[in-house]
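Right, one structure below, let's go through it.
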Amino acid sequence: MAYTATVDDQQVSCGEDQSMLDAFLRAGVWMPNSCNQGTCGTCKLRVLNGAVDHGDSPADTLTAEEREVGLALACQARLRSDAVVETLGGAAGGGITHPLRDLMATVLGNDDIARDTRRLRLALSEPLAFHAGQYVELTVPGTQLRRQYSLANTADEDEVLELHVRSVSGGAATERWIFDGLAVGDQIPVTGPLGDFFLPPEDSDDGGPMVLIGGGTGLAPLIGLARTALSRDPGRRVLLYHGVRGVDDLYDLDRMAELTTVHPAFTFIPVLSHEAPAQGTAHRAGLPTDLFVDDIDSARGWSGWLCGPPPMVEAGVKAFKRRRMAPRMIHREKFTPATD
Ligand code: FES
């Protein structure tokens with residue numbers, strides 16, 4: 001059984017067991033989204049008429065009052081009748097929506113790159129269109145478990161995906177799969193692209209300075225974003241802070257050095273929170289969000305990009321606002337705990 005959702009002048013068929021978000025994105029109709037797990041509230045929409053089942057929508061993301069006035073989480077809600085809905089967020093930077101797809105991928109590489117960190121390279125069965133900064137979901141073989149990993153790729157790298165994976169103690173996807181047994185040649189189901197962590201379209205990108213702050217493997221999408229921004233404007237001022245606990249957690253230093261050589265206005269700042277930097281290195285001590293406040297007097301006209309653990313992202317938002325960055329220029333991607 002399927003129902004029809006109408007949004008603006010577009011009609012989308014939604015399966016009975018399919019979230020509205022899944023149906024919209026597969027149809028190539030944009031809907032704001034981030035966590036796809038009911039925790040961020042980005043996909044909230046208004047049901048103007050029609051019936052929905054709110055499924056597992058958490059009460060702290062969608063309150064009883066919000067349900068009363070017709071709001072719903074598109075990533076959790078299923079239609080129970082035809083419906084007319086309106087999204088609350090804007091279009092995806094006014095740009096292109098790449099349809100959500102299911103593909104198979106073959107593991108090309110699964111390599112240690114830092115402490116408890118792997119680089120996974122996946123050759124897709126066919127190219128996948130995405131925006132740099134978006135993420136994909138991997139399905140753990142033999143289970144229904146899905147795990148989300150950001151792409152470190154630029155959009156033209158659409159045949160081999162690069163993911164950075166940190167081992168989670170006891171994790172079904174990391175410790176018990178990717179770090180234990182996943183081999184070159186294995187086949188993995190991949191679903192994507194998802195998320196709204198990407199640059200505005202080139203014709204609406206203001207081209208102003210950018211600061212990107214990543215914690216741990218939060219570096220991955222920032223690599224794709226920074227390279228995309230620099231390919232649009234090779235002289236753009238781009239600061240990339242990578243916050244980690246110790247020097248053994250750093251990776252891709254050569255890649256960053258290469259970018260710095262090609263783009264003199266690009267600066268990479270590795271930051272150690274739990275170790276004193278060794279003499280003669282460019283590593284800095286502290287928290288990247290604090291260092292940004294120390295380094296930059298005013299971020300008016302800048303855009304800011306944050307990816308990592310929630311406390312780091314929240315500290316980054318405060319740091320950017322303190323330096324007068326406009327709230328609409330602040331973009332964030334929080335690590336969300338895996339849900340089974
Ligand atoms: S709550 Fe639906 S995308 Fe986050």
Matching residues in the range 37-56 (more than 8 Å from the ligand (Cβ to nearest atom) and crowded, with 19+ Cβ neighbours inside 10 Å) number 3
If a residue has to be among the hydrophobic types (A, V, I, L, M, F, W, C) and either under 16 Å from Asp116 (Cβ atoms) or touching an Asp or Glu at 6+ places or on another chain (Cβ under 6 Å) (or both) to count, how many in the range 229-271 make the cut?
3
What do you reckon, is Thr63 at pLDDT 95 or above, of a type outside the set (Gly, Ala, Ser), within 14 Å of the ligand (Cβ to nearest atom) and over 20 Å from Leu145 (Cα atoms)?
yes
Candidates Ala183, Ala226, Ala220, Ala173 - the one that is touching a His at 6+ places or on another chain (Cβ under 6 Å) and of a type in the set (A, V, I, L, M)
Ala220
From the option list Met325, Met256, single residue qualifying as more than 27 Å from Glu137 (Cβ to Cβ) and assigned to a loop (DSSP other than H, G, I, E, B) is Met325
Just checking, does the range 98-105 include any residue being away from the ligand (no atom under 14 Å from the Cβ), assigned to a loop (DSSP other than H, G, I, E, B) and closer than 22 Å to Leu138 by Cα?
yes
Note on the range 128-150: residues surrounded by fewer than 17 Cβ atoms within 10 Å (Cβ to Cβ) and not in a loop (DSSP other than H, G, I, E, B) are Thr139
Before we move on, is Val190 under 24 Å from Glu126 (Cβ atoms) and either at pLDDT 95 or above or assigned to a loop (DSSP other than H, G, I, E, B) (or both)?
yes
Within the range 17-63, residues touching a Pro at 6+ places or on another chain (Cβ under 6 Å) and at positive phi come out as Gly28, Gly38
Per the list (1) modelled with pLDDT of 95 or more; (2) surrounded by fewer than 22 Cβ atoms within 10 Å (Cβ to Cβ), residue check on Arg176 breaks on (1)
Collect the residues in the range 288-305 that are more than 21 Å from Ala257 (Cα to Cα) and of a type outside the set (Phe, Trp, Tyr), keeping them in residue-number order.
Thr289, Asp290, Val293, Asp294, Ile296, Asp297, Ser298, Ala299, Arg300, Gly301, Ser303, Gly304
Have a look at Asp205, Asp196, Asp158 and point out the one that is within 20 Å of the chain's Cα centre (by Cα), under 25 Å from Val244 (Cα atoms) and not aromatic (Phe, Trp, Tyr).
Asp196
Filter the range 175-187 down to residues that are without any contact (Cβ under 8 Å) to a residue 24 or more places away in the chain and outside any loop (DSSP other than H, G, I, E, B) and give me whichever is farthest from the chain's Cα centre (by Cα).
Arg176
Tell me, yes or no, whether the range 20-36 has at least one residue that is within 14 Å of the ligand (Cβ to nearest atom) and basic (Lys, Arg).
no
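The values are calculated or read from the model by the stated rules, or taken from the named source; none is laboratory data. Remember, it's a predicted structure, so these values are computed and weren't measured experimentally. Cβ atoms come from the backbone with ideal geometry, glycine included; neighbour counts cover every protein chain shown.
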